[in-house]
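A.B. asks: Just dropping this structure here.
Rule-based calculations on the coordinates, nothing more; no lab input. Here the structure is a predicted model, which means the values were calculated and not measured. Neighbour counts run over all protein chains shown; Cβ positions are idealised from the backbone, glycine included.
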Amino acid sequence: MNKIVLALFLVLIILFSFVVVAFILIDLPTNHVEEGKLYVFPLLVGERTFKVTVFSNYSSAPEVSYFGLLKSVSFYFRGGQRSGFYNITIPNNLIWGELFVYNHGSLMDEYAYILSSNSTHNSVFFVFDLPAYTKDFDVVGKEGVSP
């Protein structure tokens, strides 16, 4: 009889522990990357259209433009948010080669963003914690489509 009571008591402790651990894990803070918005920008260069996307949790939609002579895709964000993330995707037939990222005209350190590429696109991902009211980023390629 005592062994049965002890076994039931241990089972209840284990179940209670699982419930407590589940509540702790649910309440842990996350980056909430999934709460962003996807913006698609068709950029007309000559007679070709290139789709640039921005996935971000910033408080406003960015303005996006392409400067062919500079081989630069520019992103201008307005709002009051102090922190967030950007994931910018640019077709690799719009700009290509070595890419550089500028923040308000200053070259960003390579450790400040994640650059990835596949056969069709280049992506730049970074988080920010800036007190500025506006954010101004440029992604510049060694090569790009001429206007």
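A.B. asks: Residue separation times 0.36 nm, minus the C-alpha to C-alpha distance between Leu38 and Glu98: what's the value?
C.D. replies: 19.1 nm
A.B. asks: Now for a different question. If you wrap a convex hull around the C-alpha atoms of segment 33-144 and split its volume per residue, what is the figure in Å³?
C.D. replies: Expressed per residue, the convex hull around the Cα atoms of segment 33-144 is 98 Å³.
A.B. asks: Another question, then. 7 Å from Cα along Cα→Cβ at both Asn2 and Leu69: what's the point-to-point distance in nm?
C.D. replies: With each label point 7 Å from Cα toward Cβ, the separation is 9.3 nm.
A.B. asks: Need the full-extension length gain, Glu110 to Arg48, defined as separation in residues times 0.36 nm minus the C-alpha distance. One decimal, nm.
C.D. replies: Full-extension gain reported as 19.2 nm.
A.B. asks: So what's the net charge close to Ala61: Lys and Arg +1, Asp and Glu -1, counting the other residues with Cβ under 14 Å from its Cβ?
C.D. replies: +2
A.B. asks: Would you please give the FRET efficiency between Ser59 and Asn118, computed as 1/(1 + (r/R0)^6) with r the Cβ-Cβ distance and R0 = 35 Å, to the nearest 0.05?
C.D. replies: Here the calculated transfer efficiency is 0.75.
A.B. asks: Let me see the P(r) profile for segment 82-121: every Cα-Cα distance counted, bins of 10 Å, each bin given as a percent of all pairs.
C.D. replies: 22, 56, 21, 1
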